[in-house]
Amino acid sequence: MPALLTRGEPRQAADDGIDPRLRARRDEVSRDLGRRRRRRWKVLAGLVVLAVGAYGVSRTALLDVDQVVVQGVDPPSSDQVIEASGVRTGVPLLDVDGGEVATRVEQLPWVRSATVDRGWDGTVAIEVTERTAELQLADGQGGWLAVDGDGHVLGAGAQPAPALPQVQGVAPAAVGGTVDPKVRDAVAVARALTPALRTRVTSIALVPDGSIELGLRPSGRVRWGRADALAAKVEALQVLFGQVDLRDLCGIDVRVPQAPVLTRSQPCA
């Protein structure tokens, strides 16, 4: 009967029939496997330590927001941008989501677009592109609304802005909203006017039939017609203003720019 392997006997007794070279190779493989496992655990532990350390550093003053810089606007507007951004000095830099900050800033009615950049020096830079007011219209309550070329209402004021033509025939909208798209016809005419003509034009009226009329300073109106042939109509106005006595002016008709008509009847009908 073969001998039984008891608990106290060495394992080698069970391997007496194995080639010593195979036994050595098997032992080496086992040791190598153990070494690889230990290396993996060491690497994993190192990564955990690094992650914890990095997170800890990100929550310290070493990586917080030291300043918020606004570019593209004047100082008073910068304060509005910083307030709208929600970014405050002292917060962890990694907590600042540039996309979310830009979205908040773009909620300001006068901001067209915003981009945000985080610097490892602790600076959050916000680049702002503003909307430009091109027209104004009465708000129906005694005040005035500034409107850009897309009909977007940028802000409100108690007094009209001297440099902006006043639009008539367009219903007002809340600040941040958009007025009737037909206001773009008034924008097209306003953009076509030369600087000298702009000083003479006080209002741009959108008539229900789709035509346009311009109010003049100190008196008189221009029957413009549709928002077409802009260059020719502007040239016709320039010729009249430069060559004709405009005293007692009632009206100018440039609907056919090649044959403008001037009337002087007073009172103006």
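The values are calculated or read from the model by the stated rules, or taken from the named source; none is laboratory data. Owing to the predicted nature of the structure, the values given are computational and were not obtained by experimental measurement. Positions of Cβ are backbone-derived with ideal geometry, glycine not excepted, and every protein chain shown enters the neighbour counts. Just so you know, the surface numbers come from the protein's heavy atoms only, side chains and all, with ligands and any DNA or RNA stripped out. Shrake-Rupley method; radii C 1.70, N 1.55, O 1.52, S 1.80 Å.
Kindly indicate whether residue 58 is at pLDDT 85 or above, open to solvent by less than 100 Å² (accessible area, probe 1.4 Å) and under 20 Å from residue 100 (Cα atoms). Taking the combined requirement at face value, the residue does not satisfy it.
Of the residues making up segment 70-110, those that are assigned to a helix (DSSP H, G or I), of a type in the set (S, T, N, Q) and open to solvent by 50 Å² or more (accessible area, probe 1.4 Å) are 80, 103. Confirm whether residue 105 is touching a helix residue (DSSP H, G or I) at 6+ places or on another chain (Cβ under 8 Å), within 15 Å of residue 68 (Cβ to Cβ) and modelled with pLDDT of 95 or more. Yes, satisfied. If you go through segment 122-155 and keep only what is assigned to a strand (DSSP E or B) and of a type in the set (S, T, N, Q), you end up with 123, 129, 136. Among the numbered conditions (1) under 21 Å from the mean Cα position of the chain (by Cα); (2) at pLDDT 90 or above, the only one that residue 66 does not meet is (1). Every test in (1) small (Gly, Ala, Ser); (2) in a loop (DSSP other than H, G, I, E, B); (3) open to solvent by 40 Å² or more (accessible area, probe 1.4 Å); (4) modelled with pLDDT of 90 or more is passed by residue 113 save one, and that test is (2).
The numbered conditions (1) at pLDDT 95 or above; (2) open to solvent by 50 Å² or more (accessible area, probe 1.4 Å) are all true for residue 141 except (1).
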